[in-house]
Amino acid sequence: MDQHRQQIHNRITVIFRDIFEDETLELYDGMTAADIEEWDSLTHITIVVTCEKEFGIKLNAAEIGKLKTVGEFINTVAERTA
Amino acid sequence: MSVPTDTGETCKGLIANGKHQEALALLRKSADPAADFPTQNGYLRTLKKINLANANLQPLRIALVPFYCSLDHFSETLRLWATLEGFELTIFLAEFDTAEQMLFDPTSDLYAFKPDVIWLFNSWRDVLPREKFPDCTNHAQARVVYARLKNLWEAISTHCSAYIFQNNADLPPDRVFGNHAPQISWSRTSILNQFNQILTENCGPGMTIFDLDYISSLFGKRQWSNEPYWYHSKFPFSHDAFGMVSFHAARLLCGLKGKSAKCLVLDLDNTLWGGVIGDDGMEGIRLGYGTDGEAHLDLQRYVLALKQRGIILAVCSKNEESLAKQPFAEHPDMLLNLDDIALFIANWNNKADNIRHIAKTLNISLSSLVFLDDNPAERALVSRELPMVTVPDLPEDPALYVRALDKGRYFELTAYTDEDSCRNDMYKGNACRAQLQASSTDTETFLKSLDMHSKASYLDNFSLPRIAQLINKGNQFHLTTTRYTETELLQKVEHGAICRCYTLTDSFGDNGLISGVILQPNGDTLEIDTWVMSCRVLCRGMEQFIHNDLIEIAKQRSVSALIGLYLPTPKNKMVADLYPCLGYSIVEETEIKRIFQLDIHQAKSLDNHISPRP
């Protein structure tokens, strides 16, 4: 994984660990809501809002619901912060 | 307000050492209502780790009724701020856009939840036609929407006695007519302003308008509008504003439940004026002219306005008393008089001791004090010694003092009576009476010299807010510690209860309404359901005056007996013997209640030095 993406991965890992209150959480690209019990539509919004804040980006209305996997989050952030 | 980045860590440390109260106090002091959503979530995570069992939180049940919007995350932020302000909140979150179903049906889950407060959470989009921009055919739109809300208010007051928070409309920033919008009577701007105006004009007892528009302006309307989240899942405003809305609501709940601050304790040097009176003298202190002189004057202006609306003012200064008083008496630019200050303490003692003395003399709790002092060392000392006193952080620049005092929302209120505006004078009168009492040689002489008068009357719309205030805030002279909302009081009277209100004036001033009694007819007797009295007027003869009035009422209604009820609590021991002292006989005694009876034929009226006022 290139360095830019790796950094994003690390920062998103911290965000997920805070939101889900699990210091041992490890993220991988294919991870989805199905893999974390508390990841429902509400926490999804929390994840999106927190990522927007963390990386200084704003998602389109259409994108908010479309990001399904951790990999897609990282890709979107990478594109917007390149 | 800056948020220490290690507050979470410090709290964790305190919690690990079992210091939950300190952790909560630290979180309360450092949490910033304006902080963004991820930070609010951080506060929530910290709060979850704190054991609140000993926090003395007041339980409160609130029903949130979203109109066409989603309040899902908002309810958790509301819970955070309500907890920080001393409430244990139980929240009922109604489903999206189900206001009529929830509120018209007396068997709905919302009513089964038994809310203390119902928050009608509409926003601007609920006031305008949804499918188009308004045109000249929509000029009655505001009235139409108001009619919808009025039906909901009536349904609520028919089916329960909850207090209502009613949102006004948060005007959106986009304007088809641009600057000219307010001058078109049917523009979105005008319709929403009309709507907000109609709400204000029609706000009745038992409800308050929650000024969502003000908060949206404070936050910044463009940031507030977060369109992507509206389109995605109908969040009515930006997540980053949840903290601010929740904080304002929590402070309003404090106002509703009598937990707002009552008294502002003021330092003098470099707070009410620039410079130090002891060093700089009258000519040297900066007040009224020059940059910081004007700023201090504006603070005095704000403080005077607080006093005029009913906040008690006290001074706590490290100074010679005569020097400290000099600017009040002699400085031409001084706005505050000595008359405006209910209690003036200037000495070289520790400020925490002085503040304790202030609370004791004014007979109010420490938690109802706000202490304003430019000196961080004094602030830290008082905060440490008296954690229940609110001590706002003042920035270095006096230009920002008013802002620092105002943004804390310490004195939030939901109802305002004429009596509130006289409160400072009343407390000042008390301080004078205390001095007179100390100097009188016997009680009888003292009481006669007060030249007291009382007016007894039945409950009406003017006395309603004040009687509700007495009933809900009273703890010591409160025989049964009943708690009734204004709506409940009106309902009781409608169903046959008698509510008597008593005022008291004396040579020092008007104490206003100081006691309320609720009588419940029961067959051949009148039961005293509630007898509450302000502690400011104890042992002056009001007890006897009211006793005589109740006998008169009983005779007018030809009842044979008055039944007195005493429910002991840790706080009302002072009235345990009230009924026996007035001549009642004990009828029944259990651990939780005592019932007394006074036979009207044998009842004696008792002497006192209070003359009735017709």
Residue match in the range B:483-497 (condition: in contact with a Lys or Arg (Cβ under 8 Å, 6 or more places away or on another chain) and part of a strand (DSSP E or B)): no
Candidate set: the range B:214-255, residues that are among the aromatic types (Phe, Trp, Tyr) and in a helix (DSSP H, G or I); chosen: the one farthest from the other protein chains (Cβ to nearest Cβ): B:TYR214
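Just for the range B:70-79: of the residues that are within 14 Å of chain A (Cβ to nearest Cβ) and not charged (D, E, K, R), which one is nearest to B:LYS29 (Cα to Cα)? Don't jump to the end; show me each part of the working.
Of the range B:70-79, the ones within 14 Å of chain A (Cβ to nearest Cβ) are B:70-77.
When the remaining residues are screened for being not charged (D, E, K, R), the result is B:70-71, B:73-75, B:77.
Numbers: B:SER70: 30, B:LEU71: 26, B:HIS73: 23, B:PHE74: 21, B:SER75: 21, B:THR77: 16 Å.
Of everything passing the filter in the range B:70-79, B:THR77 is nearest to B:LYS29 (Cα to Cα).
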Hits in the range B:31-42 - residues which are more than 12 Å from chain A (Cβ to nearest Cβ) and surrounded by 21 or more Cβ atoms within 10 Å (Cβ to Cβ): B:ALA31, B:PRO33
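What is the residue count in the range B:150-205 for residues that are among the polar types (S, T, N, Q) and part of a loop (DSSP other than H, G, I, E, B)?
Here is the first cut: in the range B:150-205, the ones among the polar types (S, T, N, Q) are B:151, B:157-158, B:161, B:166-168, B:179, B:183, B:185, B:187, B:189-190, B:193-194, B:196-197, B:200, B:202.
Cutting the leftovers down to part of a loop (DSSP other than H, G, I, E, B) gives us B:161, B:168, B:185, B:187.
The qualifying residues number 4.
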Among (1) assigned to a helix (DSSP H, G or I); (2) exposed (fewer than 11 other Cβ atoms within 10 Å of the Cβ); (3) within 14 Å of chain B (Cβ to nearest Cβ), the one test that A:GLU23 misses: (1)
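This table checks each residue for (1) over 30 Å from B:CYS254 (Cα atoms); (2) surrounded by fewer than 20 Cβ atoms within 10 Å (Cβ to Cβ).
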| site | (1), (2) |
| --- | --- |
| B:HIS139 | yes, yes |
| B:ALA147 | no, yes |
| B:ILE156 | no, no |
| B:ASN179 | yes, yes |
Checking B:LYS19 against (1) surrounded by 15 or more Cβ atoms within 10 Å (Cβ to Cβ); (2) at positive phi; (3) over 29 Å from the mean Cα position of the chain (by Cα), the condition it does not meet: (2)
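Name the residue, out of B:TYR410, B:TYR416, B:TYR401, that is under 18 Å from B:LEU304 (Cβ atoms), in contact with a Gly (Cβ under 8 Å, 6 or more places away or on another chain) and of a type in the set (Ser, Thr, Tyr).
Exactly one residue qualifies, and that residue is B:TYR416.
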Residues of the range B:578-614 that turn out to be surrounded by 11 or more Cβ atoms within 10 Å (Cβ to Cβ), under 20 Å from B:THR530 (Cβ atoms) and within 31 Å of the chain's Cα centre (by Cα), as a count: 2
Some residue of the range A:9-17 being within 14 Å of another protein chain (Cβ to nearest Cβ), touching a residue at least 12 places away in the same chain (Cβ under 8 Å) and charged (D, E, K, R): yes
Candidates B:ALA53, B:ALA63, filtered to the one that is away from chain A (no Cβ under 14 Å) and at pLDDT below 95: B:ALA53
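Can you tell me which residue within the range B:256-269, out of those that are among the hydrophobic types (A, V, I, L, M, F, W, C) and more than 19 Å from B:ASN168 (Cβ to Cβ), is farthest from the other protein chains (Cβ to nearest Cβ)? Before you say what the answer is, go through the steps one by one.
Residues of the range B:256-269 that are among the hydrophobic types (A, V, I, L, M, F, W, C), as a first pass: B:256, B:261, B:263-266, B:268.
Still in the running and more than 19 Å from B:ASN168 (Cβ to Cβ): B:261, B:263-266, B:268.
Numbers: B:ALA261: 33, B:CYS263: 40, B:LEU264: 37, B:VAL265: 39, B:LEU266: 39, B:LEU268: 43 Å.
The selected residue is B:LEU268.
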Residues satisfying the stated conditions in the range A:52-67, i.e. surrounded by 14 or more Cβ atoms within 10 Å (Cβ to Cβ) and either among the basic types (Lys, Arg) or more than 9 Å from chain B (Cβ to nearest Cβ) (or both): A:GLU52, A:LYS53, A:PHE55, A:LEU67
B:ALA377 vs. criteria assigned to a helix (DSSP H, G or I), among the aliphatic types (A, V, I, L, M) and without any contact (Cβ under 8 Å) to a residue 12 or more places away in the chain: yes
Condition check for B:MET574: in contact (Cβ under 8 Å) with a residue 40 or more places away in the chain and within 20 Å of B:ALA468 (Cβ to Cβ): no
Hey, B:LEU304 more than 30 Å from B:THR189 (Cβ to Cβ) and crowded, with 20+ Cβ neighbours inside 10 Å or not: no
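Filtering the range A:26-47 down to residues that are closer than 22 Å to B:HIS239 by Cβ and more than 9 Å from chain B (Cβ to nearest Cβ), which residue is surrounded by the most Cβ atoms within 10 Å (Cβ to Cβ)? Steps first, please.
We begin by selecting, within the range A:26-47, every residue closer than 22 Å to B:HIS239 by Cβ; these are A:33, A:36, A:38-47.
Applying the additional criterion that residues be more than 9 Å from chain B (Cβ to nearest Cβ) yields A:33, A:36, A:38-40, A:43-44, A:47.
On the way: A:ALA33: 15, A:ILE36: 17, A:GLU38: 11, A:TRP39: 18, A:ASP40: 11, A:THR43: 16, A:HIS44: 16, A:ILE47: 20.
The extreme case among them is A:ILE47.
Among the residues of the range B:329-340, count how many are under 25 Å from the mean Cα position of the chain (by Cα) and modelled with pLDDT of 95 or more.
Of the residues in the range B:329-340, the ones under 25 Å from the mean Cα position of the chain (by Cα) are B:336, B:339-340.
Cutting the leftovers down to modelled with pLDDT of 95 or more gives us B:336.
Counting residues in the range B:329-340 that are under 25 Å from the mean Cα position of the chain (by Cα) and modelled with pLDDT of 95 or more gives 1.
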Qualifying residues in the range B:573-603 (those that are part of a loop (DSSP other than H, G, I, E, B) and among the hydroxyl-bearing types (Ser, Thr, Tyr)) - the one nearest to B:ASN475 (Cα to Cα): B:THR590
Hey, B:LEU606 assigned to a strand (DSSP E or B), in contact with a helix residue (DSSP H, G or I) (Cβ under 8 Å, 6 or more places away or on another chain), in contact (Cβ under 8 Å) with a residue 40 or more places away in the chain and over 16 Å from B:THR481 (Cβ atoms) or not: no
Candidates B:THR77, B:THR46 - the one that is part of a helix (DSSP H, G or I), of a type in the set (S, T, N, Q) and in contact with a His (Cβ under 9 Å, 6 or more places away or on another chain): B:THR77
Residue in the range A:54-70 that is in a helix (DSSP H, G or I), more than 16 Å from B:PHE37 (Cα to Cα) and touching a residue at least 40 places away in the same chain (Cβ under 8 Å) present: yes
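Of all residues in the range B:499-538, count the ones that are more than 20 Å from B:LEU567 (Cα to Cα) and either assigned to a strand (DSSP E or B) or free of Cβ contacts under 8 Å to residues at least 24 places away in the same chain (or both). Walk me through it before giving the result.
From the range B:499-538, those more than 20 Å from B:LEU567 (Cα to Cα) are B:500-514, B:523-524, B:536-537; that's our starting set.
Those still in the list that are either assigned to a strand (DSSP E or B) or free of Cβ contacts under 8 Å to residues at least 24 places away in the same chain (or both) too: B:500-506, B:509-514, B:523.
Qualifying residue count, the range B:499-538: 14.
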Residue in the range A:30-44 that is more than 26 Å from B:TRP230 (Cβ to Cβ), of a type in the set (Ser, Thr, Tyr) and in a loop (DSSP other than H, G, I, E, B) present: no
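Based on what the data block shows, is B:GLU131 without any contact (Cβ under 8 Å) to a residue 12 or more places away in the chain and within 27 Å of B:GLN223 (Cα to Cα)? Break it down into steps so the answer makes sense when it comes.
Working: without any contact (Cβ under 8 Å) to a residue 12 or more places away in the chain: yes; within 27 Å of B:GLN223 (Cα to Cα): yes.
It is true that B:GLU131 is without any contact (Cβ under 8 Å) to a residue 12 or more places away in the chain and within 27 Å of B:GLN223 (Cα to Cα).
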Cβ pairs under 8 Å, 6+ apart, first in the range B:103-119 and in the same structural domain as B:MET207 (by TED's automatic domain parsing), second of a type outside the set (A, V, I, L, M, F, W, C) and part of a loop (DSSP other than H, G, I, E, B): B:TYR111/B:ASP105
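Matching residues to (1) in a strand (DSSP E or B); (2) farther than 28 Å from B:ASN349 by Cα; (3) at pLDDT 95 or above; (4) not polar (S, T, N, Q):
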{"position": "B:GLY278", "(1), (2), (3), (4)": "no, no, no, yes"}
{"position": "B:GLY288", "(1), (2), (3), (4)": "no, yes, no, yes"}
{"position": "B:LEU299", "(1), (2), (3), (4)": "no, no, yes, yes"}
{"position": "B:VAL303", "(1), (2), (3), (4)": "no, no, yes, yes"}
{"position": "B:PRO327", "(1), (2), (3), (4)": "no, no, yes, yes"}
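The values are calculated or read from the model by the stated rules, or taken from the named source; none is laboratory data. Just so you know, these numbers come straight off a predicted model, no measurement behind them. Virtual Cβ from ideal backbone geometry, glycine too; neighbours counted across all protein chains shown.
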